[in-house]
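Worksheet for the structure shown next.
The values are calculated or read from the model by the stated rules, or taken from the named source; none is laboratory data. Predicted model, so just to flag it, every value in this text is computed and none were measured. Glycine gets a Cβ as well: all are built from the backbone with ideal geometry, and neighbour counts include every protein chain shown.
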Amino acid sequence: MRLQTSAIAEYQKILDHRGTDPCAVEYTLSHLGLGRAYALQRTTATAKSAYQDFFAVWKDADPDIPILKSTRSCNSSVAIFQPCLTCCTRIVN
């Protein structure tokens, strides 16, 4: 739980301080990291919101981008928005 809390704080710092390039990959992927960290904490409403923000930023992206493709397949295969342990475990390990 402590690792997720630290991750949430770090991802939130990135989102709060965009810097000079709001399209930087660190910024856009922070939504995904934030969603995964909240999902691991079982904070489903907040996780869902972060995932929706991630998909909103990437809505016009090429659908074959690996990170987008794996997140979509993982997210759609999880019933009632429980965390997908396959994706989340890769982040933790």
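Is the stretch 15-33 home to any residue that is of a type in the set (A, V, I, L, M), assigned to a helix (DSSP H, G or I) and closer than 20 Å to Ser73 by Cβ? Yes.
Among the residues of the stretch 40-56, just one is loosely packed, with under 14 Cβ neighbours inside 10 Å and either in contact (Cβ under 8 Å) with a residue 60 or more places away in the chain or assigned to a loop (DSSP other than H, G, I, E, B) (or both), namely Arg42. If you go through the stretch 58-69 one residue at a time, do you hit one that is touching a Leu at 6+ places or on another chain (Cβ under 6 Å), at pLDDT 85 or above, surrounded by 15 or more Cβ atoms within 10 Å (Cβ to Cβ) and part of a loop (DSSP other than H, G, I, E, B)? Within the stretch 58-69, one or more residues are touching a Leu at 6+ places or on another chain (Cβ under 6 Å), at pLDDT 85 or above, surrounded by 15 or more Cβ atoms within 10 Å (Cβ to Cβ) and part of a loop (DSSP other than H, G, I, E, B). Evaluation of Thr89 against the conditions (1) at pLDDT below 80; (2) in contact with a Gly (Cβ under 9 Å, 6 or more places away or on another chain) shows that the sole unmet condition is (2).
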